[in-house]
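The structure under discussion appears below in the form of structure tokens.
Any read-out appearing in this document is the output of simple, stated calculations on the displayed coordinates, not a laboratory observation. Here the structure is a predicted model, which is why all the values come from computation and not from measurement. When we count neighbours, we look across all protein chains shown, and the Cβ atoms used for this are built from the backbone with ideal geometry, even at glycine.
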Amino acid sequence: MAVGEARAKRHSIFRSLEPLLLQVNALDTRLVEIDKLRDMEFHLVRAELGPDEKLQFDPCYFEPLEASVFEKYPLAPYEETNKLYDPLSYERMLHEVLQEYPDEENQEEIAWELLDNLIMRSKHDDQSQLHYNLCNMVDHIDTHVCCDRVGIPGFDDFCSTLKELATMTIKGYYDVYPSKYNFNMWGSRCQLSQEWKLLRLYTEPSKNLPHAIATFKSYELANDGTLTIAEIRGIVRWIIRMHHRRQFRCTYDYQFLSIWYMGPKHGRIIQSHHDGERMVVQYSPLMSFEDRGTAPTSLFV
């Protein structure tokens, strides 16, 4: 496509995004029905897991790591990943005590006391339990990515991490609300915008392409039949943000992979872009991290 034609298409898309974002910001529900989004000119496609244990995005702009990556590149002998813990379990409390107070004599008593206190708090504060669940999920995935592993290509004589296998490079670690990273746009000031955070951002190494991967933490209680308002706002605002980037003014197709950690202890992966006519959103099933034996950890690294 010629430069002039690409710029014209980009401007056309940008003009269509403003009313779309205004519609999204006007939504007053935390969970948005799929049919409602289709009425707003989103093109939504559910991407299921295929026989190769990969999400069947079509087209697929971001090649995931193979499902057997943990077996192929085992942890170095001195490494340990953060485990997924059952909510408010004694095992979890004891693990935290052993890490925080390794020299204490009464570690078991401290663990039980912490557990009792958290149970009492959770009866009055559901957000406290949700916060612990989300932090546990994020820490679990992060340690799998960042821990040293054996056999990474190019590191035969010593260990390295799964980051060496990625085609994208980390741009930043954030843990910020959308207003802190230019995500609040066009009438978006509302309390819902304070219930999701940008955690990590990965960009194309040459910085010549607008492809990006981002991870988010949302305090919404998600379900498999809807998308959360946080997911929709995050996707649309990202596309608009990229349209403001001058280095991409000859580009109109901003591919974006967003990884969402949500309540009660679940995750979803979404690939999105604008095809010139509508916002295309391919979304995975809502996947549970509540059972460590079946948690889809390899999909999220």
Each label sits 7 Å from Cα toward the beta-carbon; between GLU79 and PHE14 the label points are separated, in nm, by 4.3
Over 23 Å between Cα atoms, which of LYS72/LYS197; LYS54/LYS265; LYS9/LYS171; LYS83/LYS171; LYS163/LYS217; LYS83/LYS217 qualify? LYS72/LYS197; LYS9/LYS171; LYS83/LYS171
Here the FRET efficiency for LEU22 versus LEU98, based on Cβ atoms and R0 = 30 Å and rounded to 0.05, is 0.05
